[in-house]
1. Can you tell which of Gly224, Gly211 is away from the ligand (no atom under 16 Å from the Cβ) and modelled with pLDDT of 95 or more?
2. Please determine whether any residue of region 77-89 is within 20 Å of Arg267 (Cβ to Cβ), within 12 Å of the ligand (Cβ to nearest atom), within 14 Å of the chain's Cα centre (by Cα) and open to solvent by 10 Å² or more (accessible area, probe 1.4 Å).
3. Is it the case that Pro290 is open to solvent by less than 40 Å² (accessible area, probe 1.4 Å) and over 21 Å from the mean Cα position of the chain (by Cα)?
4. Just the residues that are touching a strand residue (DSSP E or B) at 6+ places or on another chain (Cβ under 9 Å) and of a type in the set (S, T, N, Q), please, taken from region 1-47.
5. Identify, from the list Ala131, Ala116, Ala121, Ala94, the residue that is under 30 Å from Arg192 (Cβ atoms) and free of Cβ contacts under 8 Å to residues at least 12 places away in the same chain.
6. Residues that are away from the ligand (no atom under 16 Å from the Cβ): which strands (runs of 3 or more DSSP E) entirely in region 99-198 hold 2 or more of them?
Amino acid sequence: VDNQENNQRGAAQDERLRSRPIGVFDSGLGGLTVVGELLSALAGETIVYLGDSARVPYGIKSLETVRRFAREDAAFLMQFEPKMLVVACNTASAAAIDCLRGSMPVEVVDVIGPGAAAAVAATDGMIGVIATEATIKSGAYQREIQKLSPGREVVAAACPLLVPIVEEGRAEDDPIVLHVLGDYLRELQRCRPGTLILGCTHYPLLQRAIGKLMGPSVTLVSSGAAAAGEVRRRLSERNLASERKNGGELRCFTTDNKERFAELGQRFLDGSGARIHSVQYVGTDELEKPRSQTAN
Ligand code: DGL
């Protein structure tokens with residue numbers, strides 16, 4: 001009887017663990033592209049998303065500042081007792097993944113490791129990376145690719161204007177978009193890598209235009225999609241995937257205007273079928289408050 005009771009208690013505990021949310025954070029709206037990928041791959045999961053819109057962009061800030069923001073974002077999400085934490089922001093992944101892995105009481109998945117692995121798997125040839133200035137300067141993609149495939153040639157280009165262009169809602173065939181992309185991609189077009197990593201949350205919204213400019217021989221790898229695959233694999237390995245097969249929920253927090261978040265955010269989710277229903281405001285003063293990382 002004791003054994004039976006223990007088994008039942010264990011099963012109930014496992015079920016509670018499986019029904020916990022996945023915590024996801026980003027510098028603003030862009031990480032919703034990763035949420036879209038997550039909910040497409042794991043339609044039954046609950047996601048608590050924090051978009052730090054008051055302090056966006058991270059991509060032009062120093063790695064020290066981004067690391068501090070990332071620690072605060074992650075600590076805020078701990079109050080929801082997530083079963084996994086996803087750093088959807090490439091810049092935050094580049095700046096803070098080691099620090100978060102060393103300090104958070106939960107498994108942390110970033111976008112750079114999975115993005116680099118997907119690129120290495122997709123080609124034997126040269127790999128191109130486009131991302132924010134801070135991500136490229138950090139050398140995080142370059143290092144991750146070298147770890148997986150020593151000696152591999154990598155060509156990297158920072159594309160700082162693409163984030164504001166996407167946030168402004170410009171169409172992919174807008175002449176300004178094509179002009180800016182043409183300038184940023186010139187060197188990559190010349191090198192013709194086998195794969196190009198879209199190493200920023202915003203770039204999937206320009207995927208068609210980038211694909212056209214690079215030509216059909218270049219495979220585009222979205223780091224967000226690769227990270228969603230990694231989350232699915234890890235949840236299933238640890239028997240932590242939700243028992244629901246669909247009906248997942250998305251709960252959003254933003255550090256800035258929540259109406260603007262809801263209005264602009266939906267575009268980043270399009271194609272995934274996910275919708276923004278609930279957005280709550282949380283001030284950066286709240287994030288900056290010292291807290292215990294396991295706080296409830
Ligand atoms: N989320 C950022 C990234 O993926 C882009 C926006 C920003 O610079 O904050 O690098």
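1. Gly211
2. no
3. Considered against the rule, which asks whether it is open to solvent by less than 40 Å² (accessible area, probe 1.4 Å) and over 21 Å from the mean Cα position of the chain (by Cα), Pro290 comes out as no.
4. Result: Ser19, Ser27, Thr33, Thr46.
5. Working: Ala131 fails: free of Cβ contacts under 8 Å to residues at least 12 places away in the same chain; Ala116 fails: free of Cβ contacts under 8 Å to residues at least 12 places away in the same chain; Ala94 fails: free of Cβ contacts under 8 Å to residues at least 12 places away in the same chain.
Of the residues listed, the single one that is under 30 Å from Arg192 (Cβ atoms) and free of Cβ contacts under 8 Å to residues at least 12 places away in the same chain is Ala121.
6. On the way: elements: 127-131, 154-158, 195-198.
In region 99-198, the matching strands (runs of 3 or more DSSP E) lie at 127-131, 154-158.
Residue-wise test of (1) surrounded by 24 or more Cβ atoms within 10 Å (Cβ to Cβ); (2) touching a residue at least 12 places away in the same chain (Cβ under 8 Å).
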{"site": "Ala11", "(1), (2)": "no, no"}
{"site": "Arg16", "(1), (2)": "no, no"}
{"site": "Phe25", "(1), (2)": "yes, yes"}
{"site": "Gly28", "(1), (2)": "yes, yes"}
{"site": "Val34", "(1), (2)": "yes, yes"}
{"site": "Leu38", "(1), (2)": "yes, yes"}
{"site": "Ala43", "(1), (2)": "no, yes"}
{"site": "Tyr49", "(1), (2)": "yes, yes"}
{"site": "Ala54", "(1), (2)": "no, yes"}
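This table checks each residue for (1) of a type outside the set (A, V, I, L, M, F, W, C); (2) surrounded by 22 or more Cβ atoms within 10 Å (Cβ to Cβ).
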{"residue": "Ala171", "(1), (2)": "no, no"}
{"residue": "Ile176", "(1), (2)": "no, no"}
{"residue": "Leu181", "(1), (2)": "no, yes"}
{"residue": "Leu188", "(1), (2)": "no, no"}
{"residue": "Cys200", "(1), (2)": "no, yes"}
{"residue": "Gly211", "(1), (2)": "yes, no"}
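The values are calculated or read from the model by the stated rules, or taken from the named source; none is laboratory data. For clarity, every value in this text was computed on a predicted model and none was experimentally measured. FYI the Cβ positions are ideal-geometry reconstructions off the backbone, even for glycines, and counts take in every protein chain you see. Surface accessibility is based on the protein's heavy atoms, side chains included, excluding ligands, DNA and RNA. Shrake-Rupley method; radii C 1.70, N 1.55, O 1.52, S 1.80 Å.
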